[in-house]
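These notes concern the structure reproduced below.
The values are calculated or read from the model by the stated rules, or taken from the named source; none is laboratory data. Computed from a predicted structure; not experimentally measured. Cβ placement follows ideal geometry from the backbone for every residue including glycine, while neighbour counts extend to all protein chains displayed.
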Amino acid sequence: MTLPRFKRILLKLSGEVLMGDGKVSIDPATTARVAGEIAAAQAAGFELCLVVGGGNIFRGLAAAARGFDRTSADYMGMLATVMNALAVQNALEQIGVETRVQSAIPMPSVCEPYIRRRAVRHMEKGRIVIFAAGTGNPFFTTDSAAALRAAEMGCDALFKGTSVDGVYDADPKKVETATRYDTVSFNQVLSDDLKVMDASAVALCRDNNIPIVVFNIREQGNLARVLAGEGTATIVGN
Ligand SMILES: Nc1ncnc2c1ncn2[C@@H]1O[C@H](COP(=O)(O)OP(=O)(O)OP(=O)(O)O)[C@@H](O)[C@H]1O
Ligand SMILES: O=c1ccn([C@@H]2O[C@H](COP(=O)(O)O)[C@@H](O)[C@H]2O)c(=O)[nH]1
């Protein structure tokens, strides 16, 4: 895999990955392991900001399918991402990395509200900013929040750390013969309806020329490998 040179990166962390082997919603050892990899990436010279998903705790769409009101369920999902953001913040600060959590839904007793210029300033001071509560709007996901914040923060790329090692021509968890792409265009992801990320996130990255790198963050050491252009991943670009 040949990666262009990236400096400022938005890392979207899957909520589900924080579960580790799945016995608890937030597994401290897994969260600490991921935090260690993020700290190492920062030490290697990358400027990082994070969006954390909420799939380990609550997904609005799934809850709506079980009878919940969709908008209430989505707000619950956004609150779940705040819990995950605090868990990742805690793990990073335990190893001496300065962080700030900014929430798209203001909750000043818990963390800062999202203020773009303030987030930029934090990054200039070497802090890792963790964006919580998604976009603050129902009917979206944290993939869209990641694309939005990546554009706002002037990131060179969006890295989606998830539980699959790239984009396939079909969902690899459902289709055994699915084939992984090394590179694929935004338009193909959209026209083939490849569901690794939601369409609004893909379109926003396409329109702002922000490449998406999809990789498996469950595998130890993979963030560093992928950042070095060595690991297995798919680059989605124009
Ligand atoms: N064409 C495809 N290629 C790769 N993965 C796909 C594809 N279609 C569907 N998927 C699924 O997309 C999932 C990753 O995205 P998903 O939105 O479910 O999770 P996430 O964003 O990583 O995290 P979370 O919602 O837990 O925070 C994978 O688990 C995979 O099964
Ligand atoms: O902008 C957003 C972001 C998220 N949500 C809700 O939160 C959950 C959890 O996020 P995931 O991206 O699925 O991990 C999501 O299912 C939505 O219900 C939202 O409404 N708006």
* Among residues belonging to region 1-23 that are under 16 Å from residue 91 (Cβ atoms) and more than 11 Å from ligand 2 (Cβ to nearest atom), point out the one that is modelled with the lowest pLDDT. => 20
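Would region 62-71 turn up any residue that is over 12 Å from the mean Cα position of the chain (by Cα), buried (at least 19 other Cβ atoms within 10 Å of the Cβ) and at negative phi? First the steps, then the outcome.
So in region 62-71, the residues over 12 Å from the mean Cα position of the chain (by Cα) come out as 62-71.
From what's left, buried (at least 19 other Cβ atoms within 10 Å of the Cβ): none.
Checking region 62-71: not a single residue is over 12 Å from the mean Cα position of the chain (by Cα), buried (at least 19 other Cβ atoms within 10 Å of the Cβ) and at negative phi.
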* Structure fact -> Inside region 138-168, the number of residues satisfying the requirement of being out of contact with any helix residue (DSSP H, G or I) (no Cβ under 7 Å at 6 or more places or on another chain), assigned to a loop (DSSP other than H, G, I, E, B) and buried (at least 22 other Cβ atoms within 10 Å of the Cβ) is 3
* Looking only at region 187-210, which residues are surrounded by 21 or more Cβ atoms within 10 Å (Cβ to Cβ) and more than 12 Å from ligand 1 (Cβ to nearest atom)? -> 205, 210
* In region 118-172, what residues are more than 10 Å from ligand 2 (Cβ to nearest atom), at positive phi and over 15 Å from the mean Cα position of the chain (by Cα)? -> 126, 154
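Yes/no per residue for (1) closer than 19 Å to residue 161 by Cβ; (2) charged (D, E, K, R); (3) within 15 Å of ligand 1 (Cβ to nearest atom):
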residue	(1), (2), (3)
18	yes, no, yes
24	no, no, yes
28	yes, no, no
72	no, no, no
83	yes, no, yes
89	yes, no, no
* To do: Would you mention how many residues in region 27-67 are free of Cβ contacts under 8 Å to residues at least 24 places away in the same chain and in contact with a Leu (Cβ under 9 Å, 6 or more places away or on another chain)?
  => 3
